1. Return the residue satisfying two criteria in turn: it lies in segment 158-168 and is farther than 13 Å from residue 7 by Cβ and charged (D, E, K, R), and of such residues it is least open to solvent (accessible area, probe 1.4 Å).
2. What residue, of 60, 6, 15, is assigned to a loop (DSSP other than H, G, I, E, B) and not basic (Lys, Arg)?
3. Among the residues of segment 114-121, is there at least one that is among the polar types (S, T, N, Q) and either open to solvent by less than 60 Å² (accessible area, probe 1.4 Å) or under 25 Å from residue 77 (Cβ atoms) (or both)?
4. Condition first: open to solvent by 90 Å² or more (accessible area, probe 1.4 Å) and either modelled with pLDDT under 95 or not in a helix (DSSP H, G or I) (or both). Now tell me which residues in segment 122-134 satisfy that.
5. Do you know which of the residues in segment 18-28 that are surrounded by fewer than 10 Cβ atoms within 10 Å (Cβ to Cβ) and in a loop (DSSP other than H, G, I, E, B) is modelled with the lowest pLDDT?
6. Restricting attention to segment 135-157, report how many residues are modelled with pLDDT under 85, within 20 Å of the chain's Cα centre (by Cα) and open to solvent by 60 Å² or more (accessible area, probe 1.4 Å).
7. Picking from 31, 53, which residue would you name as being open to solvent by 30 Å² or more (accessible area, probe 1.4 Å), over 20 Å from residue 156 (Cα atoms) and in a helix (DSSP H, G or I)?
8. Regarding residue 11, is this residue closer than 20 Å to residue 95 by Cβ and in contact with an Asp or Glu (Cβ under 7 Å, 6 or more places away or on another chain)?
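The values are calculated or read from the model by the stated rules, or taken from the named source; none is laboratory data. Quantities reported herein were computed from a predicted structural model and do not represent experimental measurements. Don't worry about glycine lacking a Cβ; one is built from the backbone with ideal geometry, like all the others, and counts go over all protein chains shown. Keep in mind that these areas ignore ligands, DNA and RNA; they rest on the heavy atoms of the full protein, side chains included. Shrake-Rupley method; radii C 1.70, N 1.55, O 1.52, S 1.80 Å.
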Amino acid sequence: TYGWVGVSLFFVLSGFVIHYSFFRSVQFSTTAFYWRRFWRIYPPYLAALVFFTAAEWSAGNHGHLTRQFLIHALALQNFSEKSFYEINPSFWSLAIEIQFYLLYPLLLIARQRLGAKKTLLAVFLVSTFTRVICYCITDWHKPQAQSLWENTLNLWFDWALGMYLAEK
């Protein structure tokens, strides 16, 4: 029941490690950053995705498997309740992690213009705003949609907090 704490801690640590390595680099290049992240994450992820897709296929779960594979290969499974837990339930967090990497240069630009503390505050406000929207559109009489609550912007503050801690 406290799995969300582990997820938050993972994202804080991830933001910390990524930003700490940014400070150790001589010159930051967005292209080099994306290239390193791609080769570090995507090949093992793709291998795991192929393995678990084949396991689903061999278990007789053939419905929409090609579509699910493509959604997962593009790291978009966290945007749909139908895809959120498909193929391998833990893959949703990797999709969010990849989306954090895509947002990282935006955080660096904000940090340069606003400073670390104001950037963290801005991300907090964005995350709070998206949580309020989720709260307002949730039908509390039905099971809650994980894809609604576990979205990139809701969890972005955790990652930005790690970035802020690395800076301090």
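1. 167
2. Numbers: 6 fails: assigned to a loop (DSSP other than H, G, I, E, B); 15 fails: assigned to a loop (DSSP other than H, G, I, E, B).
Just a single option satisfies the conditions, and that option is 60.
3. Within segment 114-121, one or more residues are among the polar types (S, T, N, Q) and either open to solvent by less than 60 Å² (accessible area, probe 1.4 Å) or under 25 Å from residue 77 (Cβ atoms) (or both).
4. 131
5. Checked segment 18-28; the qualifying residue modelled with the lowest pLDDT is 26.
6. Number of matching residues: 1.
7. On the way: 53 fails: open to solvent by 30 Å² or more (accessible area, probe 1.4 Å).
On inspection, the qualifying residue turns out to be 31.
8. yes
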